[in-house]
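See structure below.
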Amino acid sequence: MGKFFKGLASAGAWSCFDEFNRIDLEVLSVAAQQVGSVLTAVKMDVKTFQFTDGQVVNLDKRVGYFITMNPGYAGRQELPENLKINFRQVSMMVPDKEIIISMKLAAAGFQKYSILARKFHLLYILSDQQVSFQIHYDWKLRNILSVLRTLAAEIRKVDLVPDLPNEMRYVKNILKNMNLSKLVDSDEGIFLKL
C-alpha cells in the first residue's frame with residue numbers, strides 16, 4: 001500500500017480504491033498512517049515530505065485518494081477512526097439507474113440515448129416486478145453495467161445508422177441475448193412481452 005500512496009503522491013495522481021473496507025484491520029491501520037502523512041504534507045504546502053517508512057518523497061499537491069465501501073456485508077471491516085477522518089463521507093443509497101444508462105449509451109455513441117435509457121430502465125423495473133424470484137436473477141446495477149459494456153463493445157463492431165428504430169432494435173437484441181438464457185422457462189414469455 002505504501003508504494004501506491006508514495007507513487008500517487010509524487011505523481012499528483014488520483015486513485016479510487018474499491019471496497020476498501022475488505023482489507024484486514026491491521027492493514028487499514030497502517031494505511032491510515034500512510035494516507036495521513038501524505039495529507040498532512042499537502043496541508044503544510046511542502047514540496048517533499050518524509051513518508052512513514054522514512055523515505056523522502058516528492059509531493060504534487062494535486063494528489064487525491066478516494067475509497068468506496070459497501071458497509072454491512074459479511075467480511076467487511078469498519079474503518080478505524082484514524083482512517084475515517086482522512087476521507088469525506090458521501091453515501092449513495094439508490095443510484096439513479098436511468099441516468100447511468102443514459103450516460104453510458106451516449107458515451108458509446110447512441111444518438112437516441114435518452115429514449116433508449118428510459119425503455120431499458122423500465123424493462124428492468126418491470127422484469128424485477130413481474131418475473132418469478134430466482135436467486136440467479138439480477139436486475140440491478142451490476143447486470144445493467146454488464147449489458148452496457150457489451151453494448152459499447154458491440155456497437156464499435158457495427159456501422160449502425162443513427163436513427164431510433166435501428167438503435168432500438170440493436171439494444172433490444174443485446175438485452176434479449178444477455179438475459180434470456182438466464183431465465184427459467186416460465187419467465188421467458190413474460191420477459192419477451194416486456
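Look at the stretch 5-24: where a residue is within 17 Å of residue 76 (Cβ to Cβ) and a partner is of a type in the set (Gly, Ala, Ser) and open to solvent by 30 Å² or more (accessible area, probe 1.4 Å), sitting 6+ places away or on another chain with Cβ atoms under 9 Å, you get 22/75. Restricting to the stretch 25-48, give me the number of residues that are free of Cβ contacts under 8 Å to residues at least 40 places away in the same chain, open to solvent by less than 40 Å² (accessible area, probe 1.4 Å) and not hydrophobic (A, V, I, L, M, F, W, C). Looking only at that region, the number is 2.
Test residue 83 against the stated conditions and say whether it is touching a residue at least 40 places away in the same chain (Cβ under 8 Å), under 25 Å from residue 20 (Cα atoms), of a type outside the set (Asp, Glu) and part of a helix (DSSP H, G or I).
Taking the combined requirement at face value, the residue satisfies it.
Going by what's in this entry, would residue 78 be described as within 26 Å of residue 95 (Cβ to Cβ), among the acidic types (Asp, Glu) and open to solvent by less than 50 Å² (accessible area, probe 1.4 Å)? So residue 78 does not fit the description; no.
Okay, residues lined up against (1) modelled with pLDDT under 90; (2) over 25 Å from the mean Cα position of the chain (by Cα); (3) within 30 Å of residue 124 (Cβ to Cβ):
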{"position": "51", "(1), (2), (3)": "no, yes, no"}
{"position": "70", "(1), (2), (3)": "yes, no, yes"}
{"position": "78", "(1), (2), (3)": "yes, no, no"}
{"position": "84", "(1), (2), (3)": "yes, no, no"}
{"position": "90", "(1), (2), (3)": "yes, no, yes"}
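Listed here are the residues, each with its yes/no results for (1) β-branched (Val, Ile, Thr); (2) loosely packed, with under 13 Cβ neighbours inside 10 Å; (3) modelled with pLDDT of 90 or more.
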site	(1), (2), (3)
8	no, no, yes
20	no, no, no
23	yes, no, no
93	no, yes, no
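Scanning the stretch 126-151 for residues that are open to solvent by 40 Å² or more (accessible area, probe 1.4 Å), within 20 Å of the chain's Cα centre (by Cα) and under 22 Å from residue 189 (Cβ atoms) yields one hit, 138.
Residues in the stretch 1-20 that are out of contact with any strand residue (DSSP E or B) (no Cβ under 8 Å at 6 or more places or on another chain) and either assigned to a helix (DSSP H, G or I) or closer than 18 Å to residue 81 by Cβ (or both): 2, 3, 7, 11.
On the basis of being over 22 Å from the mean Cα position of the chain (by Cα), aliphatic (A, V, I, L, M), assigned to a helix (DSSP H, G or I) and at pLDDT 90 or above, does residue 31 make the cut? Judged against the criteria, residue 31 is not a match.
The values are calculated or read from the model by the stated rules, or taken from the named source; none is laboratory data. Note that the structure is a prediction, hence the values are computed from the model and not measured. With ideal geometry, Cβ positions are generated from the backbone for all residues, glycine too; neighbour counts draw on all protein chains shown. All accessible areas refer to the heavy atoms of the entire protein, side chains included, with ligands and DNA or RNA removed. Shrake-Rupley method; radii C 1.70, N 1.55, O 1.52, S 1.80 Å.
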